[in-house]
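Notes follow once the structure below has been shown.
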Amino acid sequence: MRTRRGPRRALEAAVVALLAAASLVLGVASQEERAPSGPRGGAAAAPAPDPVAVDPAAFPPGGCLRLPPSGPGPAATVALDAGHGGPDPGSEGTVDGTVHREKELTLAVARAAAERLRARGTTVVLTRSTDALGTPLARGAVQDGALTTDASQRDLLGRVRCANLARADALVSVHFNSFADAEVGGTETLYEPERSFAAQNRALAQSLQTAIRTRLTAAGHAPLDRGIADDSSGAEAGGGHLVLLGPRIPSYIDEPSAMPGALVEPLFLTNPGDLAAVADPAGTDALGEAVATGVTEFLDGAKRR
């Protein structure tokens, strides 16, 4: 569930302990590239470098992590932002008595997308690679079990800073939607039209929207096409530019993202059919493939234009 300007709804739970970064990140990130080893000219290829913290002084372990390519392909860097995290669980839904939280599903999708992008020769930067937020929490950031509005704003600005430091060619933020009416569902992608690269934002959003719906349909769940939308078009909290995508707004977004970006909301966690489509590893894997395909096709198209 995207965060707009205005108070965030009450969140549950206190700060969650860092989890292991699973197979994608394998332990705490190294802060420097592994030096090549082995005899020169040997038959065995040098091992791929470990994941690297983009700025270990500014981000906690597991935050703003650069993952090198694992296969050949054209050089590109994509920033993947798994929405929410730590004390900010986002929205949630329940299937067969199991609660599925947005922060867990967004991370699973981002990891799956990263694996595929890396295999295609793309460098991936994860704004967070564990359950925790990828940006540091100041004292008082969590009150009454919820992340404060100021802390949320700082977290979002930190994610933007990560993508900018990494000099990413594209930024994709992964979220899931929710609504009071459980019958409401479908796929939606948001972009920012008030940027110098607005046309690229729109093209990225359309590429992601198409890829997500195509992949979900192939997997047996054809979601309603809610289309692509201006990030200020929502009615909740009065609308307003998303921090991750928006233009510079003094004292609100002082350092906007410097690359084309889009925010995907593939499904509604409050819709039983939508949630069932993403509640198991096969579902998150399908969405990861869709995100990877959407951003790859956008980057390939940009090169041809």
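Only one of these is closer than 17 Å to Leu269 by Cβ and modelled with pLDDT under 95: Val142, Val95, Val99. Name it.
Numbers: Val142 fails: closer than 17 Å to Leu269 by Cβ; Val99 fails: modelled with pLDDT under 95.
The unique qualifying residue is Val95.
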Can you find a residue that is out of contact with any Phe, Trp or Tyr (no Cβ under 7 Å at 6 or more places or on another chain), surrounded by fewer than 24 Cβ atoms within 10 Å (Cβ to Cβ) and assigned to a strand (DSSP E or B) anywhere in the range 108-122? no
Out of Asp285, Asp274, I need the residue that is more than 14 Å from Glu192 (Cα to Cα), modelled with pLDDT of 95 or more and either in a loop (DSSP other than H, G, I, E, B) or within 18 Å of the chain's Cα centre (by Cα) (or both). Which one? Asp285
Conditions first: (1) in a loop (DSSP other than H, G, I, E, B); (2) surrounded by fewer than 23 Cβ atoms within 10 Å (Cβ to Cβ). Ser257 passes all but one, so which condition is the exception? (2)
Residues within the range 48-60 that are more than 20 Å from Ala113 (Cβ to Cβ), in contact (Cβ under 8 Å) with a residue 60 or more places away in the chain and either out of contact with any helix residue (DSSP H, G or I) (no Cβ under 8 Å at 6 or more places or on another chain) or of a type in the set (Val, Ile, Thr) (or both), tallied: 1
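In the range 235-244, is there at least one residue being outside any loop (DSSP other than H, G, I, E, B), of a type outside the set (D, E, K, R), surrounded by 17 or more Cβ atoms within 10 Å (Cβ to Cβ) and within 14 Å of the chain's Cα centre (by Cα)?
No, because not a single residue in the range 235-244 is outside any loop (DSSP other than H, G, I, E, B), of a type outside the set (D, E, K, R), surrounded by 17 or more Cβ atoms within 10 Å (Cβ to Cβ) and within 14 Å of the chain's Cα centre (by Cα).
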Any hit, the range 105-121, residues being more than 17 Å from the chain's Cα centre (by Cα), under 28 Å from Asp181 (Cα atoms) and not charged (D, E, K, R): no
Could you check how many residues of the range 84-100 are within 18 Å of Leu263 (Cβ to Cβ) and part of a strand (DSSP E or B)? 2
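The values are calculated or read from the model by the stated rules, or taken from the named source; none is laboratory data. Treat the numbers as computed from the prediction; the structure is a model and nothing was measured. As a convention, Cβ positions derive from the backbone with ideal geometry for all residues, glycine included, and neighbour counts pool all protein chains shown.
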